[in-house]
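Okay, so here's the structure we're looking at.
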Amino acid sequence: MTQQKKVDAQKTLANYAKAVDEYLNKCLKDRGIDERLLESMEYSLMADGKRLRPALCLAWGAHFGLDFDASMPFASAIELIHTYSLIHDDLPAMDDDDLRRGKPSNHKQFDEATAILAGDALLTEAFNMMLNTQGVPAERVLQAAAVVSYGAGPNGMVGGQMLDMSLTGKIDVALEELQRMHSLKTGALITAACLSGAILGGADEEGLGKAIEYGKNLGMAFQITDDLLDVLGTEEEIGKPVGSDEGQGKNTYPRLVGVTESKGLAIQAAASACLPIKNEPGVQADFMRSLAEYIVLRAS
């Protein structure tokens, strides 16, 4: 029986975030980027994010023996993709949000054209960073980059955002439709972060399968909890007005099945995330199990 240890997931995630922030704070400097474009990129990139996706990539890489320094550029690049998606999601043509992480959205702080270009630049630069990863066999880097590309693209995050827009305002959405939309919009990039880290670390097929199952279910738990926080949280916690999803006609778990059942679904998804790694040894496995529990507890 594997000896499992309880980890302070919030503190550990904060430590990951600090290390990622240190890298992000310098990765775009002295690159000859237009001053206003750089300011817009860093405005959103260096906002107070959880850095969940790069932390997952780092943790899964380390679980299979990869040093943090080797995987940091690749992992941090995933945060660039996540940030670009937030900038574009907030645009008037999309979710039309004025606040993000407690600050004016990028297009409010700058202008729509600059925000669009900042998002484009972050997305493009992310793959430059990934493909310049050092200290990892090139075939692993290419395979991991392909996984992230798929997870971020039309079959993943972008496709999920498109589906989200098509479902907004509909009143007879089935739970299966909502689950599919969130598995793409939120879950695909979270899964890609886990899987790419495992690939970079040299995991075998069994290990890759565990990363996929963990990522899919963690993404589900994360999204359901985010939906719950939009109802139960505070503006300080979520960085935007409480109830903004309902105000925009968004289909969410609480709206579809109620708060109580949504909490149950989140707990179930977190438990399912832990199943493939329940007997995995090591500090990273301990962290990932504790992280799944922590994500759900945010809305308890």
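The values are calculated or read from the model by the stated rules, or taken from the named source; none is laboratory data. Being a predicted model, the structure only gives us computed values, none of them experimental. Quick reminder, even Gly has a Cβ in these numbers, built from the backbone with ideal geometry, and neighbours come from all protein chains shown.
Numbers for the structure displayed
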item: For residue 33: the one exception among (1) buried (at least 18 other Cβ atoms within 10 Å of the Cβ); (2) in a loop (DSSP other than H, G, I, E, B); result: (1)
item: Of all residues in the range 202-261 being of a type in the set (Lys, Arg) and either farther than 18 Å from residue 95 by Cβ or modelled with pLDDT of 85 or more (or both), the one that is surrounded by the most Cβ atoms within 10 Å (Cβ to Cβ); result: 210
item: Filter result for residue 40 (touching a Phe, Trp or Tyr at 6+ places or on another chain (Cβ under 6 Å) and at pLDDT 95 or above); result: yes
item: Selection within the range 55-112 - among the aromatic types (Phe, Trp, Tyr) and assigned to a helix (DSSP H, G or I); result: 60, 68, 74, 84
item: Contacts under 6 angstrom Cβ, first residue in the range 100-122 being within 21 Å of residue 27 (Cβ to Cβ), partner of a type in the set (Val, Ile, Thr) and assigned to a loop (DSSP other than H, G, I, E, B), 6 or more apart; result: none
item: Considering residues of the range 28-39 that are of a type in the set (Asp, Glu) and more than 26 Å from the chain's Cα centre (by Cα) only, the residue farthest from residue 109 (Cα to Cα); result: 30
item: Residue list for the range 87-141, restricted to those being closer than 13 Å to residue 40 by Cα and of a type in the set (A, V, I, L, M); result: 87, 113, 115, 116, 117, 118, 121, 122
item: Selected residue (only one of 25, 15 is in a helix (DSSP H, G or I) and closer than 30 Å to residue 111 by Cβ); result: 25
